[in-house]
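Input: a single structure, listed below in structure tokens.
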Amino acid sequence: MSSPAAGQVPETAPISEAATDAAQTTLPEIQIGNIKRIRLHLPTLPEATASLLRTIVVALFALTFVLQPILIPSESMEHTLLVGDFLLFNKQVYAPAGSLTHWLMPYRPVQRGDIIVFHHPKPPLLVKRVVGMPGDHLHIQNGQVYVNGAVLDEPYATFEPAPPNDFRDNFPAKRYTDPAVDPEWWRQMQSLTKNGDLVVPKGHYFAMGDNRNYSEDSRFWGFVPDNAVVARPLVIYFSLTRPSTTDVQPVTQQALDDRLGHERDLPVRLYGFARWNRIFRIVH
């Protein structure tokens, strides 16, 4: 076949209707194909249900055997723990060695200075700090704790202003002077006092709140049995801003703003409802 002469425009082959139709349907087909591929990646109802059940099982296992949340309701552990603090506590740290979940969080015995969570009749769970160990000879003089004749170093203890209370500040007391003291504990305390010291029996702990003038603790109701200890606090995972009834402090601007304000105050209010600087704080 001869090539076209110079200056002549070459003839082009006519475009078939089939080719035109193919060009017109390419884009929708690609879109439909993408939608089909996306649908293929979405989980089916049985798959989604199975995933949800696995998540629930893991969460229940963790809450039952390892971690559990708790809310601090009172000021007895100020300023270590504040009203409105939400804690995660380790339920396995004091579990007997060789338990099923021992490999997750190593076991160790209770030590002096530990903050413990334990069963108590009123309320069902309490959080206090271990001050006296089994066998210790303990007394309190003018609010200062003495263990085995030596002053106990307690950088965590606070003494917020409170009316005088000889039973609270000088322990063990010789007279029944405080109606908050459990009568049965008073009788037991007399039998365990030697030369002015309370002797902590085997398998028991003497526990006190860090806010010494506002804590009903072992001074008022007795020892904590070893088998009543269930956990140790790990971390503060959230903290709601709540006023303290034991702090003596002037009225702050935040307290004045507790009434309904203007719209420009909304960001301040949203930020102020929680103690953000306490979140993920390790408890010790």
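The values are calculated or read from the model by the stated rules, or taken from the named source; none is laboratory data. Nothing here was measured: the structure is a model prediction, and the numbers come from that model. Glycine gets a Cβ as well: all are built from the backbone with ideal geometry, and neighbour counts include every protein chain shown. All accessible areas refer to the heavy atoms of the entire protein, side chains included, with ligands and DNA or RNA removed. Shrake-Rupley method; radii C 1.70, N 1.55, O 1.52, S 1.80 Å.
Put a plus charge on the Cβ of each Lys and Arg, a minus charge on the Cβ of each Asp and Glu, and nothing anywhere else: the dipole of the range 121-179 about its Cα centre is then about 260 debye. Between Arg187 and Phe273, with labels modelled 7 Å along Cα→Cβ, what's the label distance in nm to one decimal, could you check? Distance between the two pseudo-spin positions: 5.1 nm.
Applying 1/(1 + (r/R0)^6) with r as the Cβ-Cβ distance of Asp226 and Leu53 and R0 = 30 angstrom yields a FRET efficiency of 0.20. Here the contact order of the range 160-248, divided by its residue count and restricted to Cα pairs under 8 Å and six or more residues apart, works out to 30 percent. For the range 185-224, the residues whose amide N sits under 16 Å from a probe point set 7 Å from the Cα of Tyr176 along the beta carbon direction are 185-192, 220-222. Taking every protein chain into account, the 1.4 Å probe leaves Trp276 with about 100 Å² of accessible area, to the nearest ten.
Largest first, how would Lys174, Lys194, Lys91 line up by accessible area (1.4 Å probe)?
These residues rank, largest area first, as Lys174, Lys194, Lys91.
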